[in-house]
Structure formats: C-alpha cells, structure tokens
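The values are calculated or read from the model by the stated rules, or taken from the named source; none is laboratory data. If you're wondering where the values come from, they're calculated on a predicted model, not measured in any experiment. Cβ: placed from backbone, ideal geometry, glycine included. Neighbour counts: every protein chain shown. Areas reflect the complete protein model, heavy atoms only, side chains present, ligands, DNA and RNA absent. Shrake-Rupley method; radii C 1.70, N 1.55, O 1.52, S 1.80 Å.
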Amino acid sequence: MAAASAILTHMKAWAYSDHGKSNVAMKFHPSFPVPELKADQVLIKVVAAAINPIDYYKIAGSYNDSDALFPIVPGYDVAGWVIKVGSEAKKFKEGDEVYGIVEAKDVGSLAEYTTVQENGLDHKPPNLTFAEAASLPLAIETAYGALQKLHLSAGQSILVLGGGGGVGTLAVQIAKHVFGASKVAATVSTGKLELMRKLGVDLPIDYTKENFEDLPEKFDAVFDAVGETNKAFKALKEGGKVVTIVPPGVSSAMLFILSSPDGSMLQKLRPYLENGKVVPVLDPKSPFPFSHTIQAFSYLQTRRPAGKIVIYPISQHL
C-alpha cells in the first residue's frame with residue numbers, strides 16, 4: 001500500500017476555478033494533482049464525503065477566499081483509509097479507517113485522495129458505514145460545540161429550531177443522550193415529524209401549523225440552526241440562553257461557529273455512536289454517486305433534505 005501511495009500523482013476530483021452557482025462553477029477533473037503530504041498530515045483514500053451549505057456558499061463567493069488558489073476542490077467531511085502517514089503524525093497508521101474534517105485551505109473531500117491534519121481525524125466507529133461516518137464530522141462537532149457553549153445541564157429542557165437538518169438531527173440526540181436534557185422539542189416541517197419521534201424528540205413542532213414562540217411552554221435553552229434568533233427569546237424561560245449557528249445572530253444570543261476541526265470531539269462522542277444512542281441521519285436520497293455530485297448540490301440547496309447529503313462511493317474499497 002505504501003509503495004502504491006508513493007507513485008500517486010493524479011486523481012479524479014470536482015473543483016471550481018471561479019465563483020458562481022455550484023451547477024455552473026463546479027467541473028469534473030479526470031486528472032487533478034494529488035495534494036502533497038505535510039509532516040503532520042495523513043493521506044486518505046476517500047471512500048465517502050458529505051456536503052454542507054458552507055460548501056455552496058464558498059463556491060458562490062460568500063466567504064473570503066483571498067488565500068485560496070484556484071482550482072479549489074470543495075468538501076469538508078471525509079471518511080476513508082489512511083494510505084500514507086506524515087513524518088510527524090503518530091495517531092494513525094496505513095490501512096486505518098478514519099473520518100473527520102479537511103482544513104479549509106487544503107484540497108477538499110470531493111476527490112479520490114485528500115490530506116488531513118492528524119488532529120482533525122478520529123478512527124471510524126466500526127459499526128458505521130463509510131457513508132454514515134462521512135455524514136457526521138462537521139455537523140456533529142457543530143452540534144456538540146454549540147451545546148457546550150450553552151452549558152446545557154442534565155434535567156434542563158431545550159428547543160432546537162431546525163431539528164430536521166444535518167446539524168439539527170444530531171443536536172436533538174446529543175442534547176438528550178450526551179447532555180441529559182429532560183425534554184427536547186424541535187421545529188420541523190410536517191414530513192419530518194415522524195423522524196423527530198424516532199430520534200427521541202419529546203415535542204416535535206410542525207412549524208407550518210404552529211408558531212413555536214406562541215406556545216405556552218417555555219424552555220431553559222434554545223438551539224437555533226435556522227436563523228430565527230429574534231423569535232427564539234420568546235420561547236425562553238427567565239434566565240434561559242440562546243445559541244445560534246447562523247451568523248450574524250443577535251447580540252443577546254451566543255454565536256457558535258466551528259473554528260477548526262477537532263478530532264478529540266469525535267473521540268469523546270465515539271461511545272455514543274458505537275452504542276447507537278446517537279445515530280447518523282442520511283437523507284433518503286443519499287448517497288449520491290460521485291458522478292452525480294452536481295445533482296447532490298442542487299438538492300442540498302432546496303433546503304428540503306432530512307439529515308445529510310453524502311457522496312459515495314468516491315474510491316473503491318481496498
């Protein structure tokens with residue numbers, strides 16, 4: 001395997017060379033350069049990747065990419081095999097099944113190979129498929145980090161705004177099983193009510209029929225995954241807290257943005273993933289084959305998916 005990795009020079013990848021809509025800007029490259037391995041990185045043969053709203057925002061130019069050089073391969077979430085280890089990387093060995101987050105400045109996960117900082121990865125839970133594992137890192141680290149910022153404690157109640165999305169489906173589970181929330185409520189569209197019940201949500205709220213801010217019940221905390229921070233304060237008990245993951249938020253709410261990949265978070269959550277208390281949620285249309293990446297982006301941008309959109313398989317199994 002090491003000898004094979006030493007001669008890798010080119011790979012298949014999706015990339016964009018200018019900003020614009022993903023279905024226009026994204027192009028398939030049959031011979032894209034394999035990224036150079038740095039000392040604290042591992043080279044991964046990518047089996048599966050997930051896409052997130054930040055990916056199409058970056059393609060559109062909504063984020064400052066002044067330090068990026070075109071063409072850019074998007075994609076943060078990755079799952080695959082380690083095929084080469086940098087000289088300073090100690091946690092993983094060749095052949096390990098791993099998952100995690102690719103740094104923004106590096107070649108993204110929508111490629112056959114990518115390099116990842118060792119501290120952005122963890123060993124893939126053996127009970128998860130590569131597609132399931134790829135669906136998790138960015139969303140689960142965001143959910144966990146935002147709940148930590150709330151200082152949610154056992155016995156408290158929480159309302160998750162946008163419970164059916166990639167982050168929301170994990171936030172409702174982590175609030176209940178990791179932080180010990182006594183009651184979890186979540187806003188979703190009609191078609192996702194049953195999904196919320198399956199994930200253990202005590203009070204699914206159909207936002208097409210009810211305004212959560214008008215309900216008599218109030219909560220110790222609100223997790224805003226959709227950008228309704230102003231309304232969120234109307235659902236709080238006195239002394240309650242609001243965290244949002246949608247910038248800019250409002251000054252009286254806490255804003256949480258995952259600043260860098262943190263493989264230690266994945267390690268902390270691994271027991272809950274291995275025992276099935278926290279489960280990955282893939283949209284029923286997932287996974288999309290690598291050749292249908294543009295269609296996957298188009299579907300993600302409808303904002304209708306339940307859970308995550310995954311691209312699989314990208315490389316064939318070893």
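A few comments on the model shown:
- Every pair of residues 6+ apart whose Cβ atoms lie under 8 Å, when the first sits in the range 14-38 and is acidic (D, E) while the second is outside any strand (DSSP E or B) and open to solvent by 70 Å² or more (accessible area, probe 1.4 Å): D18/F70
- Condition check for S298 on (1) of a type in the set (S, T, N, Q); (2) under 15 Å from the mean Cα position of the chain (by Cα); (3) open to solvent by less than 80 Å² (accessible area, probe 1.4 Å): one failure, at (2).
- Residues that are in contact with a helix residue (DSSP H, G or I) (Cβ under 6 Å, 6 or more places away or on another chain), of a type outside the set (V, I, T) and over 18 Å from G165 (Cα atoms), drawn from the range 220-257: A221, K231, K234, A235, K241, G249, A253, M254
- In the range 276-290, the residues that are without any contact (Cβ under 8 Å) to a residue 40 or more places away in the chain and either open to solvent by less than 40 Å² (accessible area, probe 1.4 Å) or part of a helix (DSSP H, G or I) (or both): D283, F288
- When residues in the range 26-49 are screened for being among the small types (G, A, S) and surrounded by fewer than 22 Cβ atoms within 10 Å (Cβ to Cβ), 2 of them pass.
- Identity of the residue in the range 194-210, open to solvent by 30 Å² or more (accessible area, probe 1.4 Å) and over 27 Å from H151 (Cβ atoms), that ends up nearest to the chain's Cα centre (by Cα): L195
- Residue check, S298 of a type in the set (G, A, S) and either at positive phi or modelled with pLDDT under 95 (or both): no
- Within the range 237-269, the set of residues being surrounded by 13 or more Cβ atoms within 10 Å (Cβ to Cβ) and part of a loop (DSSP other than H, G, I, E, B) comprises I245, V246, G249, V250, A253, F256, I257, L258, P261, D262.
- Any strands (runs of 3 or more DSSP E) falling wholly within the range 18-93 and containing at least 1 residues that are closer than 27 Å to K285 by Cβ and of a type in the set (G, A, S): 41-51, 77-85
- Residue in the range 141-157 that is part of a strand (DSSP E or B), open to solvent by less than 20 Å² (accessible area, probe 1.4 Å) and within 26 Å of Y207 (Cβ to Cβ) present: yes
- Some residue of the range 70-82 being more than 27 Å from S17 (Cβ to Cβ) and surrounded by fewer than 15 Cβ atoms within 10 Å (Cβ to Cβ): no
- Search result, residues across the range 302-318 that are surrounded by fewer than 18 Cβ atoms within 10 Å (Cβ to Cβ) and not hydroxyl-bearing (S, T, Y): R303, R304, P313, Q316, H317, L318
- Filtered residues of the range 94-124 (kept if open to solvent by 30 Å² or more (accessible area, probe 1.4 Å), in a loop (DSSP other than H, G, I, E, B) and under 30 Å from M26 (Cβ atoms)): E103, A104, K105, V107, E112
- Checklist (1) modelled with pLDDT of 95 or more; (2) within 17 Å of the chain's Cα centre (by Cα) applied to S259, failing item: (1)
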